[in-house]
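Peer 1: Could you have a look at this structure, given as structure tokens, before my questions?
The values are calculated or read from the model by the stated rules, or taken from the named source; none is laboratory data. All values reported here derive from a predicted model rather than from experimental measurement. Here Cβ is always computed from backbone atoms with ideal geometry, including for glycine, and neighbour counts include all displayed protein chains. Surface accessibility is based on the protein's heavy atoms, side chains included, excluding ligands, DNA and RNA. Shrake-Rupley method; radii C 1.70, N 1.55, O 1.52, S 1.80 Å.
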Amino acid sequence: MSNQNTNEALLLEYLTFRLGEETYGLDIMAVKEIRGYEKGTKLANVPEFVLGVVNLRGDIVPIVDLRIRFNVGKPIYDEFTIVIMLNINERFVGIVVDEVCDVIKVDSETIKPAPQFGAVFDMEYLEGLVTVEDIMVILVNIQALVTSDTFALIDKNNEEQERPQ
Amino acid sequence: MSMEIGEFHQVFFAECDEHLEDMEQTLLNTPIDEVTPDTINRLFRAAHSIKGGSGMFGFTAVTGLTHVMETLLDSARNGEIVMTTAIVDTLLLSLDELRFVIGKYQNGEAVEKSIVAENIAAIEVYLHTDTPNPDAISLFEPISESEDDDIPLFGPLDGAADDDMPLFAPIDTPESASTPEQPQPNLESSPKVAKKLNKKSQSTAQTSTIRVDTTKIDSVMNQLGELVITQSVLRNLANKTSGSLAVEFEEALDNLSFQLREMQESTLSIRMLPVSNLFSRFGRLVRDAASKANKQVALVVEGTETEIDKTMIEHLADPLTHIIRNGIDHGIESPEDRVYKGKEAQGTLLLKAFQQGSSVIIQLKDDGAGLNREKIIEKARQKGMAVSAAMPDESVWKLIFEPGFSTAEQVSDLSGRGVGMDVVKRNVEDLNGTIDIQSESEKGTTFTLILPLTLAILDGMSVKVGKQVFIIPLLSIVESFQVEAHLVKRVGNQPVVLHRDHYWPILSLAACMGIDSQERDLSDGIIVLLNASTARVALLVDDLVGEQQIVVKSLKKHFRTVPNVSAATILGDGSVSLILDVEQLTKQVSLPPEILKDDDEQSEHE
């Protein structure tokens with residue numbers, strides 16, 4: 001954002017999705033694929049927003065519903081429900097949102113500071129704000145959000161556990 | 001036995017190749033001013049691995065050289081020595097020498113330890129100098145094990161005091177050729193020079209195996225799993241067609257599934273190695289341990305052709321080593337005692353492997369004194385464990401698996417530190433296996449390890465609760481039966497069921513897994529009797545679906561651990577099914593064991 005010396009602005013691509021009243025954007029490089037929702041296998045003793053696990057070509061992948069997690073929108077599952085499969089450091093996770101909208105190109109120079117309020121996510125997971133065709137898009141650091149404790153998708157002290165083996 | 005050793009040697013040689021290559025690359029690719037503790041650690045680990053393996057096979061020359069390399073790297077790691085280009089050069093030369101010596105071992109040639117003396121001396125130069133001044137080196141001459149009187153700077157004559165030396169004179173450095181003191185050995189060994197130079201080309205041509213990353217095999221397994229699912233989709237389609245086409249369709253599909261099964265089996269077999277790979281290393285162990293304990297022990301090995309998953313072999317080495325050491329240390333008596341008891345002076349350890357269904361059984365049987373029941377109970381009392389003199393043998397033997405348990409009166413070099421059998425048990429359980437002990441006083445002790453063939457595939461029983469299907473590892477199922485209402489009682493809040501003269505606590509799978517299966521009568525369900533290490537539990541399910549082989553998939557790869565679930569699998573229709581963690585499940589029931597074995601109450605019902 002501070003590279004004023006470069007004449008060519010840095011173009012970033014974001015996948016936009018709707019959650020509640022707002023439109024959010026996430027780094028397209030974190031998206032593995034987009035697929036229709038299928039009912040996964042339910043897990044016991046996990047938070048409600050973890051819908052279950054599905055088979056993604058041999059990998060067992062958890063599906064989380066951001067609508068339930070952030071208590072926005074209506075958790076309806078029908079043929080239009082879409083799952084965004086994310087690949088975050090080779091860990092896959094599917095997220096369910098209200099609607100997947102578009103892929104936008106964002107000039108890094110036009111990113112404004114994130115709003116102090118209005119977003120369902122904590123400030124620390126927001127990258128900024130852009131306006132594309134009159135729509136305000138809140139850019140989310142999906143990597144930080146999904147690996148955060150609020151989702152508990154990863155074993156705590158995962159690394160310590162695996163080292164002695 | 002010798003052939004198995006040979007096989008295991010090949011594994012060691014292949015590993016050495018890798019480690020040497022790794023060290024060489026690390027040394028070559030790291031600029032001297034960029035050497036980090038990580039770099040040194042990496043080198044250290046590689047040297048250590050080679051040393052460990054060579055020690056096991058008695059390749060003393062390799063052990064000797066890697067030992068000083070390790071010492072040098074350790075000092076560098078501790079900051080006592082700063083890595084210099086000279087040290088790197090010396091290490092590289094040592095790598096060359098290691099390759100050469102290992103090549104000799106590989107060709108079955110006799111190798112004297114002194115062959116590496118020169119390299120050892122070259123390394124020890126760095127270990128014994130506090131200042132980099134090379135002139136100071138002569139002050140530190142008595143450094144090599146072969147007590148030479150006179151070590152020149154890069155003395156190739158280091159080992160010359162050795163009687164065998166002329167045959168193995170280290171002549172690969174130019175200095176040695178120009179050393180005037182020892183012209184005779186040089187002349188004599190000149191044909192060896194040619195031989196040695198040829199060695200490099202010879203040793204590379206010998207391997208007929210390739211080492212493949214197991215993740216590659218895993219991905220083949222995954223793709224096969226996908227094929228199986230596609231096949232079941234096709235079968236569903238086939239069921240919708242009719243007429244003669246349907247018959248042809250059906251036949252083609254039968255062929256397909258047959259071929260898929262075959263492919264799955266051959267893919268799995270890639271991961272399988274004969275247990276000879278594992279057993280062959282114990283001959284040496286028994287010999288060394290027996291001589292240390294002043295006992296005479298013969299190791300008899302049976303069933304070495306039995307195949308088991310490679311990862312299992314890696315994980316079985318430690319527990320088996322421990323049991324064998326224990327058997328020699330505590331089980332088999334001293335020759336005098338044995339003769340006094342009317343046994344042969346030499347004790348026998350029988351190590352035996354065989355396949356039983358989809359399990360591999362490994363047995364270790366000694367003809368020693370057997371476990372001492374009184375001693376174990378007494379020891380358990382001291383440790384404050386709940387024991388009674390009337391306990392059945394089976395339960396007494398299980399006590400030795402408790403942490404910190406050891407009946408040895410003296411802690412010996414071999415065993416008896418009390419950090420053993422509990423680890424052994426845990427290791428075996430980590431492999432989804434079980435361990436059993438039979439022991440008879442003065443006749444001996446038998447340890448029986450029951451292990452799955454592989455960790456990648458599991459024989460499972462699929463059970464249904466509500467609409468969800470779960471997999472229970474077949475190994476942990478004792479039996480299953482229909483509940484009869486009059487046999488169900490309550491102990492406090494805990495329902496129990498009477499079966500085969502015992503009360504078993506009932507655990508509802510639906511409750512454990514948060515499934516609202518319709519509030520049905522207990523007697524409509526089916527009880528699956530689970531056998532875990534600590535307890536047996538009657539698991540209540542709605543229905544048995546069937547037995548099947550399943551491919552184990554990690555849940556932790558993309559998610560975290562889930563209570564009561566060990567892993568997951570993909571069913572024929574592509575859906576995910578959870579594999580139950582029986583150990584964890586059974587721990588949810590805590591019932592005083594006396595209740596379960598109350599003979600009085602049981603007779604009332606009969």
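Peer 1: What residues does region B:532-558 have that are buried by at least 20 Å² of accessible area in the full protein assembly compared to the chain on its own, 1.4 angstrom probe?
Peer 2: In region B:532-558, residues shielded by partner chains: B:Lys553, B:Leu555, B:Lys556, B:Lys557, B:His558.
Peer 1: Right, here's the next one. Provide the per residue accessible area, probe 1.4 Å, for region B:275-452, rounded to a whole number of square angstrom.
Peer 2: 47
Peer 1: Note every residue of region A:49-84 with a reduction of at least 40 square angstrom in accessible area, all protein chains present versus the isolated chain, computed with a 1.4 Å probe, or write none.
Peer 2: Those residues are A:Asn55, A:Gly58, A:Asp59, A:Ile60.
Peer 1: Got a number for carbon plus sulfur as a percent of region B:214-273's accessible area, 1.4 Å probe?
Peer 2: Carbon and sulfur together cover 59 percent of it.
Peer 1: Tell me the total accessible area that B and A bury against each other, 1.4 angstrom probe, in square angstrom rounded to 100.
Peer 2: The contact between A and B buries close to 2200 Å².
Peer 1: Can I ask one more? On the full set of protein chains, 1.4 Å probe, figure out the accessible area of A:Tyr125 and give it in Å² to the nearest 10.
Peer 2: Only protein atoms counted, so the area is about 30 Å².
Peer 1: Which links in B:Lys343/B:Lys375; A:Lys32/A:Lys105; B:Lys216/B:Lys557 stretch past 25 Å when you go from one Cα to the other?
Peer 2: none
Peer 1: Provide A:Glu21, A:Glu13, B:Glu248 ordered by accessible surface of protein heavy atoms (probe 1.4 Å), highest first.
Peer 2: Highest to lowest solvent-accessible surface, that is A:Glu21, B:Glu248, A:Glu13.
Peer 1: Tell me the per residue accessible area of region A:65-158 using a 1.4 Å probe; a whole number in Å² is fine.
Peer 2: Normalised by residue count, the accessible surface of region A:65-158 is 52 Å².
Peer 1: When all alpha-carbon pairs of region A:56-96 are counted, what percent fall beyond 16 Å?
Peer 2: 40
Peer 1: Can you put B:Thr39, B:Thr434 in order of accessible area, largest first, using a 1.4 Å probe?
Peer 2: These residues rank, largest area first, as B:Thr434, B:Thr39.
Peer 1: For A:Arg91, what accessible area in Å² do you get when you roll a 1.4 Å probe over the heavy atoms of the protein chains, rounding to the nearest 10?
Peer 2: Surface open to solvent at A:Arg91 totals about 50 Å².
Peer 1: Can you sort B:Cys512, A:Cys101 by solvent-accessible area, 1.4 Å probe, largest first?
Peer 2: From most accessible down to least: A:Cys101, B:Cys512.
Peer 1: Now for a different question. Counting only protein heavy atoms, probe 1.4 Å: which residues of region B:568-582 lose 10 Å² or more of accessible surface in the full assembly compared with their chain by itself?
Peer 2: Residues meeting the cut-off: B:Ile570, B:Gly574, B:Val576, B:Leu578.
Peer 1: In addition: Please work out the ratio of the alpha-carbon Rg of chain A to 2.2 N^0.38 Å and round it to two decimals.
Peer 2: For chain A, the normalised Cα radius of gyration is 1.10.
Peer 1: Another question about this same structure. Ignoring ligands, DNA and RNA, what percent of the accessible area of chain A is carbon or sulfur (1.4 Å)?
Peer 2: Whole-percent figure for carbon plus sulfur exposure: 48.
Peer 1: For B:Phe59, what accessible area in Å² do you get when you roll a 1.4 Å probe over the heavy atoms of the protein chains, rounding to the nearest 10?
Peer 2: My reading of the accessible area for B:Phe59 is about 20 Å².
Peer 1: Considering only the other residues whose Cβ falls under 14 Å of the Cβ of B:Cys512, what net charge follows from Lys and Arg at +1 and Asp and Glu at -1?
Peer 2: Summing Lys/Arg as +1 and Asp/Glu as -1 gives -2.
Peer 1: Additional query: Between B:Ala110 and B:Lys383, what length comes free when the chain is fully extended (0.36 nm per residue of separation minus the Cα-Cα distance, one decimal in nm)?
Peer 2: 93.1 nm
Peer 1: What is the sum of charges, Lys and Arg at +1 and Asp and Glu at -1, for the other residues whose Cβ falls under 9 Å from the Cβ of A:Lys74?
Peer 2: With Lys, Arg at +1 and Asp, Glu at -1, the neighbours total 0.
Peer 1: Mind checking region B:420-463 for trypsin sites (Lys or Arg not before Pro) that DSSP puts in a loop (not H, G, I, E or B) and that have at most 15 other Cβ atoms within 10 Å?
Peer 2: Counting only loop positions with at most 15 other Cβ atoms within 10 Å, the trypsin sites (Lys or Arg not before Pro) in region B:420-463 are B:Lys443.
Peer 1: Lys and Arg at +1, Asp and Glu at -1: add these up for the other residues within a Cβ distance under 12 Å of B:Leu28 and post the number.
Peer 2: Net local charge, B:Leu28 excluded: -4.
Peer 1: What part of the accessible area of region B:275-452, given as a whole %, is carbon or sulfur when the probe is 1.4 angstrom?
Peer 2: Ligands and nucleic acids excluded, carbon and sulfur reach 46 percent.
Peer 1: Placing +1 on the Cβ of each Lys and Arg and -1 on the Cβ of each Asp and Glu in region A:11-153, which of A:Val83, A:Leu56, A:Leu145 has its Cα farthest towards the positive end of the resulting dipole?
Peer 2: So the residue we want is A:Leu56.
Peer 1: So, one more: May I have the extent of the alpha carbons of region B:537-579 along their three principal axes, as whole Å values ordered from largest to smallest?
Peer 2: Cα extents, longest axis first: 30, 26, 14 Å.
Peer 1: Also: So which GluC sites (Glu not before Pro) in region A:54-155 pass both tests, a DSSP loop state and at most 10 other Cβ atoms within 10 Å of the Cβ?
Peer 2: A:Glu79, A:Glu90, A:Glu133
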